[in-house]
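J.: Have a look at this one before I ask anything.
The values are calculated or read from the model by the stated rules, or taken from the named source; none is laboratory data. Predicted model, so just to flag it, every value in this text is computed and none were measured. Counting neighbours? That spans all protein chains shown, and the Cβs are built from the backbone with ideal geometry, glycine included. Quick note on the areas: whole protein, heavy atoms, side chains included, nothing else; ligands and nucleic acids left out. Shrake-Rupley method; radii C 1.70, N 1.55, O 1.52, S 1.80 Å.
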Amino acid sequence: MKHEELINKMTLEEKASLLSGKNFWETMDIPSVGLKSMFLSDGPHGMRKQIEGADHLGLNQSVPATCFPTSATIANSFDLELAQRVGKALGEEALSLNVNVVLGPGLNIKRNPRCGRNFEYYSEDPYLAGKLGAAYVKGIQSNGIGSCIKHFACNNQEERRLSSNSVLDIRTLREIYTTAFEMVIKEAHPLCIMSSYNLVNDTYTNENNYLLREVLRKDFGFDGVVITDWGGNNDRVAGLIAGDDIEMPGNNGQTDREVIEAVKNNKINESLVNESVDRILTLYDKTMMPFENGKKYTFDINEHHKIAEEAASESIVLLKNENSVLPLDKDKKVCFIGDFANTPRYQGAGSSIVNPTKLDSALDKVKEFEINFIGYEQGYKRDEKNSNKLAKKALELGKKSDVIVYFMGLDEIAEAEGLERKNILINQNQIELLKELHTLNKKIVVILSEGSVVDLSFDKYCDGLVFGCLSGQAGAGALLKVLTGKVNPSGKLSETYPLSYKDTPTKKYFPSHEFNSLYKDGLYVGYRYFEKVNKQVKYPFGFGLSYTKFDYQDLQVSNNGVSFKIKNIGSIKGKEIAQLYIGLKSSKIFRPVKELKGFIKVEIEPGETKEVTINFDEYSFRFFNIKDGKFEIEKGTYDLYIGASSQDIRLTGNIDVDGVDASGIYNLEQLPHYYSGEITNISDDEFETLIERKIPESHVKFTKKNRIIVDYNVTINELKYSKGRTGRLTAWGVNFAIKFLRKIGKKTTANTVVMGVLNQPMRCISRMTGGAITWDQLNALMYMFNGHFHKGLGRLIKATWNRPKVTKENHYTKVKKK
């Protein structure tokens, strides 16, 4: 141990206290040995250090900070140098706010477009997510502070996220859902990692020895601190055994006693506690160093605003440009229509929400550009309610214009942490107005603001389609630079846009409304599925247009990688993102047709030719061999594809690679749909063959008709099945409040109640209140929910009366279940 001398000076009680937070955002301080608290802060795309009143839902205002484009946006840039500069700027702002650890970036894979938190993640592809995540972490930690990558692992749905069991085969787990984490750990060495809320194959992630001990620490070589997601602790001792170091948030020492008694009762050895404490002290040493000299850090608000604008401009994707409607002709009369032009949608909702230092709108910024701008109309109401008056004004303005720039997208309540989207449609009132504008026979350019895939069947009503994603506080300026040609768009899609939602491979499996979330789609996430079954898509992964054109030539293949030439055959300077995909047609195991294994972004002058190289790495040819329990390379002739997108392949080649014979790992007859890729309706039998075990029981277990035993992982919503009327009344009251709030137009508040109350398990009544509700009080409530009202009430009165003196001694009251 690095800190053995210091650890020996600490009592068991002091060491145990380090294993949970001091409060909502700080780690515990130990004055006797000179340890101060470390501050942890949300920050995937901007710092969210709250002024007062801590919460995890984005309710209370935070200190102003630069709102950079979201991860979903930056991913479209495919620009690692840019991602690192954004990360560095994030770290600088963290220093100015005395933050030790930035909670981000998020590396979860976009398994389904309806996941409400997709805006916070990079991609459907683990290689792209891993490379960008590593760049972010390098940037953040270059300031001497820590980055906490999240959420490890398989946190791919928001519904029931605190008590959902992700059931999947180990190969899919290792190749798709943990690869990005592996890449970031090996390339950027993050100081922390956050375990996810959910279970993976029947065990909570922070209690999962396979995930934390075998995969994370042994295979990936991670030697940093594991932190629970906020309220994600189920069993503190089980978590400690698995290698989970810090439980967040703090709970007034309620779980310290569990650790202390486990040591004293020889359930665990104190050396296990010491291991975690040693890692925490290492984090302390590294992240306290910048603050030891008392230096006051600041950052340049204007400079960071410029970085945010550049990041947005590099990430804008031009999806459609018929008859070169863009860049805008400065002699043409242009109008702006759409509420988003005046009030931009620039970030998601929930724990990542940022209070921006400044905020640009297209309506304000248009004055700075050479555009023959003739006016603006709101056009529609953001809440989806129809307004003939607004639409009529928009049509009147459109008639006077040569080009209509129409701003549309998802509103703030459509994408939020803790919730799934009901569908992938844009609000119908926005679509109807677009159709009406189309009848004017004017040129229409649609500006799209959203953080996840939407149905783009409406693109037939426009000449130009510009995808800005969620572009942060400076996105408007970036957008206008693209519209006017000051910036040549170079972004490409980091996820596939299907023709419609029914085409998505996980439509039947997502979201799971029950305990189990079955990953029956296996490896076939995103483009891997569409390519395998040759299904047409609206816009493929890696697609994006430019104002110029590029020609690919002269592919050369070596044992180290590929090199080729790209020529700008257009008339203006531009940037191209070339992508390397690799496949193995002769494979003895089931595989996608091809997978992204490299990319490069290069700027080229008109008429210029540049030679570029993409090297192979440890991820290029490997697969996870379930028989040997490790990554190996299958022997064969691999196909190499160089493309401008996953479907626009410009150059092809191949290379012979030595490796193992993969025969006999899988049985084709037993897994026919995984070999064909037709995985949208996998039977339970075939899935059980894939995962090599029975599917766990998923349904709510009823003791009698419509009655359940309420335990620590039953959600507030599931109290409607409780034996006690107190529980059923509680569930009814919360659901009634949600419906009432929605009816009176308070949809954002209603969504917050769903996220922060309805889907919370019982344990979070205590875990997420900082100990305001003690474990004894929770147990008393659960007595009442289980039909023992009077006993529960008596226990509640007693627990409340004794609360001041049992803060650290109240975990072992047993809940009577029958």
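J.: For the range 276-310 and the range 60-132, what is the centre-to-centre distance using only Cα atoms, to the nearest Å?
T.: 17 Å
J.: Let me ask another. The range 439-496 to the range 551-630: how many Å between their Cα centroids?
T.: Answer, in whole Å: 27.
J.: While we're here: Tell me the carbon and sulfur percent of the accessible area for the chain, rounded to whole percent, probe radius 1.4 Å.
T.: Summing carbon and sulfur atoms, their accessible area is 48 percent of the total for the chain.
J.: Okay, moving on. Which aspartates and glutamates does Lys502 reach when only Cα atoms under 12 Å apart count, and residues fewer than 8 places away in its own chain are ignored?
T.: Counting by Cα, and skipping residues close in sequence, Lys502 has these aspartates and glutamates nearby: Asp455.
J.: Once you have the Cα-Cα distance between Lys358 and Lys2, take 0.36 nm times their residue separation minus that, and quote the gain in nm to one decimal.
T.: Numbers: separation 356, 0.36 × 356 = 128.16 nm, distance 4.44 nm.
Using 0.36 nm per residue and subtracting the Cα-Cα distance, I get 123.7 nm.
J.: For the chain, which cysteines have no second Cys with its Cβ under 4.7 Å from theirs?
T.: Cys67, Cys115, Cys154, Cys335, Cys462, Cys469, Cys764
J.: Quick one: dipole size for the chain, taken about the Cα centre, charges +1 on Lys/Arg Cβ and -1 on Asp/Glu Cβ, in debye to the nearest 20.
T.: 3180 debye
J.: Run the dipole for the range 166-269 about the Cα centre, Lys and Arg Cβ at +1, Asp and Glu Cβ at -1, nothing else charged, and hand back the magnitude in debye, nearest 20.
T.: Approximately 200 debye in magnitude.
J.: Now, a different point. List the residues, sorted by chain then number, that are 5 or more residues from Lys597 or on another chain and whose placed amide H is less than 5 Å from its amide H.
T.: For Lys597, whose amide H was placed from the backbone, the distant partners under 5 Å are Leu580, Tyr581, Ile582.
J.: Taking every pair of alpha-carbon atoms in the range 339-401, what share in percent sits in each 5 Å bin, from 0 to the bin with the longest distance?
T.: Using 5 Å bins, I get a P(r) of 3, 14, 19, 20, 18, 12, 9, 3, 0 for the range 339-401.
J.: Taking a probe of 1.4 Å, how large is the accessible area per residue of the chain, in Å²?
T.: 38 Å²
J.: If you project the alpha carbons of the range 66-127 onto the principal axes, what extent comes out on each, in Å, largest first?
T.: Largest to smallest, the principal-axis extents are 37, 23, 19 Å.
J.: Next question, about the same structure. What's the magnitude of the charge dipole for the range 260-311 around its Cα centre, counting Lys and Arg as +1 and Asp and Glu as -1 at the beta-carbon? Answer in Debye, nearest 20.
T.: Around 220 debye, computed over the range 260-311.
J.: Give me the number: length gained by fully extending Ser586 to Ile301, i.e. 0.36 nm times residue separation minus the C-alpha to C-alpha distance, one decimal in nm.
T.: Value of the extension gain: 97.1 nm.
J.: Same structure again: Just need log10 I(q)/I(0) for the chain at q = 0.06 Å⁻¹, Debye formula, equal scatterers on the alpha-carbon atoms, no solvent, rounded to two decimals.
T.: Here the Debye-derived log intensity ratios amount to -0.39.
J.: Going through the cross-link list Lys150/Lys532; Lys549/Lys601; Lys306/Lys486; Lys110/Lys492; Lys532/Lys594, which pairs have a Cα-Cα distance over 18 Å in this structure? Mind dumping the intermediate values first?
T.: Numbers: Lys150/Lys532 30 Å; Lys549/Lys601 14 Å; Lys306/Lys486 15 Å; Lys110/Lys492 16 Å; Lys532/Lys594 9 Å.
Where the Cα-Cα span goes over 18 Å, the pairs concerned are Lys150/Lys532.
J.: Label points 7 Å out from Cα along the Cβ direction at Asn342 and Phe740: separation in nm?
T.: Output for this residue pair reads 3.3 nm.
J.: Show that you can apply the helix-only estimate: for the chain, add -39,500 (n - 2.57) for every DSSP H stretch of four or more residues, divide by all residues, and state [θ] at 222 nm to the nearest 500.
T.: Mean residue ellipticity, 222 nm, calculated: -8000 deg cm²/dmol.
J.: Could you give the length gained by full extension between Phe702 and His790, i.e. 0.36 nm per residue of separation minus their alpha carbon distance, to one decimal place?
T.: Working it through step by step, the gained length comes to 29.4 nm.
J.: Label points 7 Å out from Cα along the Cβ direction at Thr613 and Asn423: separation in nm?
T.: Taking the simple label geometry, Thr613 and Asn423 are separated by 5.2 nm.
J.: Measuring from centroid to centroid over Cα atoms, what is the spacing of the range 756-806 and the range 514-539 in Å?
T.: 43 Å
J.: Over the chain, what is the percentage of antiparallel beta bridges among all DSSP beta bridges, to the nearest 5?
T.: Approximately 55 percent, going by the DSSP bridge assignments.
J.: Where the Cα atoms of the range 512-623 are projected onto their three principal axes, how long is each span, largest first, in whole Å?
T.: Result for the range 512-623: principal-axis Cα extents of 56, 34, 23 Å.
J.: Express the Stokes-Einstein translational diffusion coefficient of the range 339-466 in µm² s⁻¹, to the nearest whole number, given a Kirkwood radius over alpha-carbon pairs, 10 °C and a viscosity of 1.306 mPa s.
T.: The diffusion coefficient I find is 102 µm²/s.
J.: Right, something else. With label points built 7 Å along Cα→Cβ from the Cα atoms of Asp223 and Val602, find their separation and express it in nm.
T.: Each label point is offset 7 Å from its Cα along the Cβ direction, giving 3.8 nm.
J.: At a 10 angstrom cut-off on C-beta neighbours, averaged per residue, how do the peptides 327-338, 91-102 rank from highest to lowest?
T.: Highest-to-lowest ranking by the protection proxy: 91-102, 327-338.
J.: Computed on alpha carbon atoms, what radius of gyration and Dmax characterise the range 472-542, expressed in Å?
T.: 17.2, 51
J.: Please list, or write none, the lysines whose alpha carbon is within less than 20 Å of the alpha carbon of Lys630, excluding same-chain residues fewer than 8 places away.
T.: Lys186, Lys218, Lys588, Lys597
J.: Would you please classify the overall shape of the range 415-484 from the alpha carbon gyration tensor, given that a ≥ b ≥ c denote the square roots of the eigenvalues, rounded means a/c under 1.5, and beyond that prolate means a/b larger than b/c while oblate covers the rest?
T.: Values: a/c = 2.64, a/b = 1.16, b/c = 2.27.
It comes out oblate by the Cα gyration axes.
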